[in-house]
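None of the figures in this text is laboratory data; all of them are computed from the coordinates on show. Everything quoted here is computed from the prediction, not taken from an experiment. Cβ sites come from the backbone with ideal geometry, for glycine too, and all protein chains shown count toward neighbours.
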Amino acid sequence: MEYTFRKAKVDEQDQIWAILKDAIRRRKEEGSDQWQDGYPNPGVIKDDIDKGVGFVLLDRDEVVGYCAVLINDEPQYADIEGQWLTDGDFVVIHRVAISENYLGQGLAKKMLQYIEGYALENNIHSVKADTNFDNPGMLHIFKKTGYTYCGEVILRGKPRKAFEKVLTDS
């Protein structure tokens, strides 16, 4: 398999929404509250793409993963109950989802590696992210890929576990 990671294109919105819809359903089936409030939705995807922050993981020409990657753009992270590892510039990850046909192949981990590379290309040495307390899959991925639990943040009125990874040039 040959994967690439790049900014999402407008004509990929339907593929991205299909992946997110399946992820929303899986979260519900797992008994999670995450993404059960009408977010994310097609408007969020369109906004991500319009702002240039929506990214896709491709297997050749097929969209197999999606996430939003922003630089210094999560105001809620200023109010952490806990302590971030760094205070400088950071990349933030939101809306990570992998196509149902590609689950269990380590692609979320691969996407995080691409995001870390993107951060370093922009001379940023911190990646921050959050997830629900009841998202064991993402919690496992953060642990497995060297992210440190830093505390709690509130997003859309609910507490979330916050993580950071400090990157080195290597």
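Taking the Cβ of each residue in M138, M111 as the centre, tally the other Cβ atoms inside 10 Å and list the residues starting with the fewest.
The most exposed by this proxy come first: M138, M111.
Which links in K9/K128; K51/K143; K9/K161; K51/K110; K46/K109 stretch past 28 Å when you go from one Cα to the other?
K51/K143; K9/K161
Take every Cα-Cα pair in the chain and report what % of them are more than 22 Å apart.
Everything past 22 Å amounts to 40 percent.
Under 16 Å from the Cα of K28, which aspartates and glutamates turn up, not counting those fewer than eight places away in the same chain?
K28 reaches D37, E100, D134.
If I stretch the segment between D33 and D134 completely, what's the gain in nm (0.36 nm per residue apart, minus their alpha carbon distance), one decimal?
Result: 35.6 nm gained on full extension.
Just round it to a whole percent: the fraction of Cα-Cα distances in the stretch 1-102 exceeding 21 Å.
40
So what are the ³J(HN,Hα) numbers for the stretch 139-147, from phi and the Karplus equation (6.51, -1.76, 1.60; θ = phi - 60°), rounded to whole Hz, Gly and Pro as x?
4, 5, 4, 4, 4, 5, 9, x, 7
Over the chain, what is the relative contact order in percent, taking alpha-carbon pairs closer than 8 angstrom and at least six residues apart?
22
Treat each spin label as a single point 7 Å out from the Cα along the C-beta direction, and report the K21 to N41 distance in nm.
Simple spin-label model gives 1.5 nm for this pair.
When you count, for each residue, the other Cβ atoms within 10 Å and take the mean per peptide, how do 71-82, 53-64 rank with the highest first?
53-64, 71-82
Per DSSP H run of n ≥ 4, the term is -39500 (n - 2.57); total these for the chain, divide by its residue number, and report the mean residue ellipticity at 222 nm rounded to 500 deg cm²/dmol.
Per the formula, -9500 deg cm²/dmol.
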